[in-house]
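Visitor: Let me begin by handing over the structure; questions about it come next.
The values are calculated or read from the model by the stated rules, or taken from the named source; none is laboratory data. Bear in mind the structure is a predicted one, so any value in this text is a computation, not a measurement. Ideal geometry is used to build each Cβ from the backbone, glycine not excepted, and the neighbour counts take in all protein chains shown.
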Amino acid sequence: MKLLTHNMLTSHVKGVTKGYPLLIKATEVKVNEVEFNPQFVSRMIPKLEWSALVQAAEEDLPGELVADYETNEEFLKKVHRILLEVEVLEGCLQCPESGREFPISRGIPNMLLNEDEA
Amino acid sequence: VWLLFGDIITVTIGATVPTGFEHTAAEEIKEKIGVDARISKDRGRVFFPITTDKLFQVHLLRSVDNLFVVVEEYHHYQFKESKEETLMELQQLASTLPWTNALEVWKQNGTLKKKKGHRRGGNTAKSKPNCEGVGGSMASTEQQELPQENSAPEGWAGDTQAMETSTQDSDETGHGSKLIKFRVTCNRAGDKHSFSSNEAARDFGGAVQEFFQWKADMTKFDIEVLLNIHNEEVVIGIALTEESLHRRNISHFGPTTLRSTLCYGMLRLCKPQASDIILDPMCGTGAIPLEGAIEFNHSFYVAGDNNDMAVNRTVNNICHIQKRRADKGSMSGLPIDTVQWDLCSLPIRTSSVDIIITDMPFGKRMGSRKKNWDLYPSCLREMARVCRPGSGKAVLLTQDKKCFSKAISRMGGLWRKQHTVWVNVGGLHAGVYLLKRTGAVFGQTPEDVYESRGAVHMQGEEKDDKELS
């Protein structure tokens, strides 16, 4: 699971209103090289929930976006790595409200709910 | 007449494409090769000119299943009255055709493939060749006049091993030093012919053998000669692809894996832009998002399915491609991820997806017609929720056109039909629907307010044309 995907995932357990962002508990992480495309990154940033990304990345990403980030290649490369190159292979995602854990195995988060949760 | 090896000549290339996506293929040809392609009346075929120095470009095309070089084309072939006379004429034709250029291209193409490091292993789902053993050495396929999928790929599969060995021998030193093996594949469609494709293949093939002194071999052939007859249109060609390109990405098949050329056609339809987030909520083995991640790699793909086997196969297919890329020395990572989810309750933030693209269950090979009545409306609603209002799009393939049209007609507030492409998938007629997400915020259109399927009144919204299927 890449952090870009995590940025879109939300808990949809019945009754939960604050199911986003999911907490990441990783036991195995991998870094995979992906071709860098600055336009991709700069256009993606406005689509993201930035604070959720900062929280997930655990790295020194600024809490607020700097002005002119579109032309700051060093910054874009850092965001690129965090969004696309870091992958959680094993672990789980935890709903912040209900505590329900969604397992991640082989990089695939299993978001299926049981009958009573749906 | 021998040409000096390396002379640049112009030839016509024929390509078979998924029926319905001829225009898409023509677009891609214009874009990558820079020439105008002509769409044949025989559906699923396009033709375009190319100079031999640019030949390698044809192998960059993602919308074509098979390629061949045209030897000769007749648009209004006048068949003789009787079968005997017609077949006799076909035999005589063999020695008069302009073979030279086409054979030159075939030879150069063989060298190209060697350089490319021709890959194998993509075609594990090869079906039995559709041949009738007339005289033991010719292959033929009979086709009904009804629009049907071009079943030719089955008869075209050759032995890769033999191809590479023989190309090595009959290298740049020209022909004649080694015995060339060939076969003829005939496709015939039309109800006014006095002969069968078997007979045409047999007689034409016999004459070709006589003329060139090649050896006929149905399975281990170097050259595959194509004889395509569609009503009055007759095309003779030489195949340039021996393994259909349509399964190129997939190594782990599922029961209904979509061929990559069809995936490519669907992706082109939705015109992925840089940083578009593209979801396939019923991804099966991941064929569509994987093709996207390779060919339209400025977007990001999330492949999802509720089925264990499906998500695992998807990941296997992705890993297979990544490994292949790593072996070639390129960066292996692809902009794609896989999630296991229930598509009627997607664990995705509202309005966060730009494009939804998927192959919806047909109800014949997977799922059921009855299930679709409930599934389709819930699907479409959930897809509308996650899709960005105003700019979002969906490209949905389904054979259950009736159910789909009905479901869509109730969603005028969320989805508008923009365009439909009629295609053929495994012999079934299907539609690829391009939809635009309206600007309406989810949760506020009349369809959302009414829970039950009985809801009819849609105030102020223009109804889409009801489609009768």
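Visitor: Would you call B:Ile294 more than 8 Å from chain A (Cβ to nearest Cβ), closer than 25 Å to B:Val432 by Cα, of a type outside the set (Ser, Thr, Tyr) and surrounded by fewer than 24 Cβ atoms within 10 Å (Cβ to Cβ)?
Guide: yes
Visitor: I've got another one for you. Out of A:Arg100, A:Arg106, report the one residue that is surrounded by fewer than 21 Cβ atoms within 10 Å (Cβ to Cβ) and at positive phi. I'd like the intermediate steps shown before the answer.
Guide: On the way: A:Arg100 fails: at positive phi.
Going through A:Arg100, A:Arg106 in turn, just one is surrounded by fewer than 21 Cβ atoms within 10 Å (Cβ to Cβ) and at positive phi: A:Arg106.
Visitor: Enumerate the pairs (first residue in segment B:11-38 and in a strand (DSSP E or B); second residue anywhere and among the aromatic types (Phe, Trp, Tyr)) with beta-carbon separation below 6 Å, excluding pairs fewer than 6 apart on the same chain, so at least 6 apart or on different chains.
Guide: Pairs that qualify, where the first residue is in a strand (DSSP E or B) and the partner is among the aromatic types (Phe, Trp, Tyr), are B:Thr12/B:Phe47; B:Ile13/B:Phe48; B:Gly14/B:Phe47; B:Gly14/B:Phe68; B:Arg38/B:Phe47.
Visitor: Could you list, ordered by first residue, the pairs with Cβ atoms under 9 Å in which the first is in segment B:202-215 and under 16 Å from B:Ile236 (Cα atoms) and free of Cβ contacts under 8 Å to residues at least 60 places away in the same chain and the second is of a type in the set (S, T, N, Q) and surrounded by 17 or more Cβ atoms within 10 Å (Cβ to Cβ), at least 6 apart or interchain?
Guide: Filtered contacts from segment B:202-215: B:Gln209/B:Ser137.
Visitor: Quick check: is even one residue across segment A:33-47 surrounded by fewer than 16 Cβ atoms within 10 Å (Cβ to Cβ), within 13 Å of chain B (Cβ to nearest Cβ), out of contact with any helix residue (DSSP H, G or I) (no Cβ under 8 Å at 6 or more places or on another chain) and part of a helix (DSSP H, G or I)?
Guide: Yes, segment A:33-47 contains at least one residue that is surrounded by fewer than 16 Cβ atoms within 10 Å (Cβ to Cβ), within 13 Å of chain B (Cβ to nearest Cβ), out of contact with any helix residue (DSSP H, G or I) (no Cβ under 8 Å at 6 or more places or on another chain) and part of a helix (DSSP H, G or I).
Here's the yes/no breakdown for (1) away from every other protein chain (no Cβ under 13 Å); (2) under 20 Å from B:Ile336 (Cα atoms):
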position	(1), (2)
A:Gly63	yes, no
A:Val66	yes, no
A:Thr71	yes, no
A:Ile82	yes, yes
A:Glu85	no, yes
A:Glu97	yes, no
A:Gly107	no, yes
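Visitor: Just one of (1) within 14 Å of chain A (Cβ to nearest Cβ); (2) within 26 Å of the chain's Cα centre (by Cα); (3) at pLDDT 95 or above trips up B:Arg349, so point out which.
Guide: For B:Arg349, the failing item is (2).
Visitor: Need pairs with beta-carbon distance below 9 Å; first residue closer than 26 Å to A:Val29 by Cα and within segment A:58-75, second in a loop (DSSP other than H, G, I, E, B) and β-branched (Val, Ile, Thr); sequence gap 6+ or separate chains.
Guide: These pairs meet every condition: A:Phe75/A:Val66.
Visitor: Checking the conditions here, which among B:Asp342, B:Asp308 is facing chain A (nearest Cβ under 7 Å) and of a type in the set (Asp, Glu)? Let's see the steps before the verdict.
Guide: Values: B:Asp308 fails: facing chain A (nearest Cβ under 7 Å).
Within the list B:Asp342, B:Asp308, the selection yields B:Asp342.
Visitor: Does B:Phe56 satisfy the criteria of being within 27 Å of B:Glu27 (Cβ to Cβ) and at pLDDT 95 or above? Let's see the steps before the verdict.
Guide: Values: within 27 Å of B:Glu27 (Cβ to Cβ): yes; at pLDDT 95 or above: no.
No: the conditions fail for B:Phe56.
Visitor: Turning to a different aspect of this structure: Give me the pairs: first residue in segment B:375-398 and among the polar types (S, T, N, Q), second residue modelled with pLDDT under 95, beta-carbon distance under 6 Å, and six or more apart or on different chains, which are they?
Guide: These pairs meet every condition: B:Ser378/B:Cys344; B:Thr398/B:Met360; B:Thr398/B:Phe404.
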